[in-house]
Amino acid sequence: MALIKSISGIRGTIGNKPGDNLTPLDIVKFVAAFGTVIKGKKERIRIVVGRDGRISGPMVHQLVISTLVGMGIDVIDLGLSTTPTVEMAVTAAAADGGIIITASHNPREWNALKLLNEKGEFIDAMLGAQVLSLAQQEQFSFASIDQLGTVAVADYKEYHLDAILQYPLVNATQIANKKYKVVVDAINSSGALYVPALLQRLGVTEVIVLNQEVNGQFAHSPEPLPENLQSLCQEVVRQGADLGIAVDPDVDRLCFVNEDGTLFGEEYTLVAVADHVLSHRLGYTVSNLSSTKSLKELSLAKGGQYASAAVGEVNVVAKMKEVQAVIGGEGNGGVIVPDFHYGRDALIGIALFMTHLAASGKKCSEFRKKYPDYVISKNKIELHAGTDLAAIFAAIRAKYADLPQHTEDGLKIEFENDWVHLRSSNTEPIIRIYAESDLESKAAALAQQLMRDINEVS
């Protein structure tokens, strides 16, 4: 069991001892700290709250709302929702912040609080540090009986979908004309309500939904990785569908399945969407250092520019703002459309991808051949507690000093046609080693080479 506190929120496994797991006491303390920081010296503020379909969602949801009301904060309650919908609701309602109750791709025993500022974006390091400090010291106070907050129930699903249909690079007519048949894996969460509704608005009349009941009893591990999507791949073929769609429980990550049951590849969700965007508006694209180099290659080939960012949505967003990117995201299937909102959004990703697919006139598997087929090998090394990670990274930097390197997030080394990225964990002595090449064997060999290097100097 675990409790992980970070500047952007708190996540953990439900139950057991306070301070070691995500218990009601931890939830109340952290929400109270967040409310205190957001409220500051204002007399009255509003915070948007929404949750995914997890088993523990209703319990955590009640605690969050009751705590905010007890602090004299007015709540806009979206109930069962998605991460991007909550983000958009914050700005639409001119609220002062937001709380999303979701552990994203983590298993069913986990839940979390994701914290948003008044822009509907994840709070920054400074604000997060204040929240952590207040929660630890319990430096907050609650409202008197005459100052309690209020709760207003709201539904922003249609607002979100309307905005997608009105987005200039989405062409619902073009999609509808293709008469697509689509299979959706909704992983027993919010996607079951949102993805089919979006597809219907896009003119898709045949939608088959797997794992449709919103009960948090995830039919498989909820992260949209190849090993977890076999049933979706099989159903796409069995139904004779044109494509399959998988999202994670809070609908901010997205991947596709081709009509022949092969995976489009979550790394290429962003690449395909970026291709569509760059075809209409040139500019910078951004992804994190552990994402495929395909995005950089595509961007430069189309006359655009590319910038990399440290891993983490807040870091990608910061870089996108810095370079005024036209599209960005992460290789885990996270698409961020800056003039829509600065957050990963699977729903706008679906609409843009399907518009691009429809315009190509190709089957999904043929469309996929437009992009490279690079492979990323993902590995990790567990080190003894107390290991000097800084010294290890310094030694690796020195060994490969003649090669291009990036040090803003661990160490990324660019070889002639490949790259390897080393990142240390913030919570345990682990180094993650990601390597990309055109062949699985080459990517694995490169990762193994760096793992040997690490073992030699550790």
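What follows draws every value from the coordinates through simple rules; no lab data is involved. Nothing here was measured: the structure is a model prediction, and the numbers come from that model. Cβ sites come from the backbone with ideal geometry, for glycine too, and all protein chains shown count toward neighbours.
In the chain, what % of DSSP beta bridges are antiparallel (nearest 5)?
Values: 44 of 77 bridges.
Bridges in the chain that DSSP calls antiparallel: roughly 55 percent.
Taking the Cα centre of region 160-368 as origin, sum charge times position over the Cβ atoms of Lys and Arg (+1) and Asp and Glu (-1), and report the length of that vector in debye to the nearest 20.
660 debye
In 10 Å bins starting at 0, how do the alpha-carbon pair distances of region 18-166 split up by percent?
P(r) over region 18-166, rounded to whole percents: 12, 44, 36, 8, 1.
Region 351-458: which trypsin sites (Lys or Arg not before Pro) are DSSP loop and have at most 11 other beta-carbon atoms within 10 angstrom? Mind dumping the intermediate values first?
Details: sites: 362, 363, 368, 369, 370, 378, 380, 397, 399, 412, 423, 432, 442, 452; in loops: 362, 363, 369, 370.
For trypsin sites (Lys or Arg not before Pro) across region 351-458 that sit outside H, G, I, E and B with at most 11 neighbouring Cβ atoms in 10 Å, the list reads 369.
What is region 403-458's relative contact order, in percent, from Cα pairs under 8 angstrom and six or more apart in sequence?
Working: 69 pairs, mean separation 11.8, N = 56.
Once divided by the residue count of region 403-458, the mean separation gives 21 percent.
Which listed residue (4, 391, 320) has the Cα farthest towards the positive end of the charge dipole for the chain, taking +1 on Lys and Arg C-beta and -1 on Asp and Glu C-beta about the Cα centre?
320
Given Cβ point charges of +1 (Lys, Arg) and -1 (Asp, Glu) and nothing else, what value in debye, to the nearest 20, does the dipole of region 1-136 about its Cα centre take?
Values: 14 positive and 12 negative charges, 38 e Å.
I would put it at about 180 debye.
Can you give the Rg to Rh ratio of region 160-368, both from alpha-carbon atoms, with Rh computed by the Kirkwood formula?
Numbers: Rg = 15.8 Å, Rh = 16.8 Å.
Rounded to two decimals, Rg/Rh equals 0.94.
Pop the C-beta distance of residue 416 and residue 323 into the FRET formula with R0 = 25 Å and round what comes out to the nearest 0.05. Before the final figure, lay out the partial values.
Numbers: r = 26 Å, r/R0 = 1.05.
Once the sixth-power term is evaluated, E becomes 0.45.
Report, by chain and number, residues whose modeled amide H sits under 5 Å from the one on residue 208, excluding near sequence neighbours (fewer than 5 apart, same chain).
Sorted by chain and number, the residues that satisfy this are 182, 183, 184.
Report, by chain and number, residues whose modeled amide H sits under 5 Å from the one on residue 19, excluding near sequence neighbours (fewer than 5 apart, same chain).
Correct list: 26.
Binning at 10 angstrom from zero up to the longest distance, how are the C-alpha pair distances of region 329-378 distributed in percent?
Computed distribution, short to long bins: 22, 42, 34, 2.
Which of the chymotrypsin sites (Phe, Trp or Tyr not before Pro) across region 336-435 are loop residues per DSSP, with 12 or fewer other Cβ within 10 Å?
Values: sites: 340, 342, 353, 367, 374, 393, 400, 415, 419, 434; in loops: 340, 342, 374, 400, 415.
Answer in residue order: no site qualifies.
Show the residues, 5+ positions off or on another chain, whose built amide H is closer than 5 Å to the amide H of residue 328.
286, 336
Counting residues in the chain as N, plug N into 2.2 N^0.38 Å and put the Cα Rg over that result. Write down the numbers at each step before the final one.
Details: Rg = 22.1 Å, N = 458, 2.2 N^0.38 = 22.6 Å.
So the chain has a normalised radius of gyration of 0.98.
Between residue 397 and residue 359, what is the spin-label point distance in nm, taking each point 7 Å from the Cα along the Cα→C-beta axis?
4.2 nm
If the only charges are +1 at each Lys and Arg Cβ and -1 at each Asp and Glu Cβ, what is the size of the charge dipole of the chain around the Cα centre, to the nearest 20 debye? Can you show the working numbers first?
Working: 42 positive and 54 negative charges, 81 e Å.
Here the chain has a charge dipole of around 400 debye.
Scan the chain and hand back the longest stretch that contains none of the GluC sites (Glu not before Pro) lying in DSSP loops with at most 10 other Cβ atoms within 10 Å. Write out the running numbers ahead of the final one.
Working: sites that count: 43, 138, 416.
No qualifying site falls inside 139-415, the longest such stretch.
From the gyration tensor of the Cα coordinates in region 375-457, what semi-axes in whole Å does the equivalent ellipsoid have, largest first, with each one equal to sqrt(5λ)?
On the way: eigenvalues 80, 42, 23 Å².
Equivalent-ellipsoid dimensions as semi-axes: 20, 14, 11 Å.
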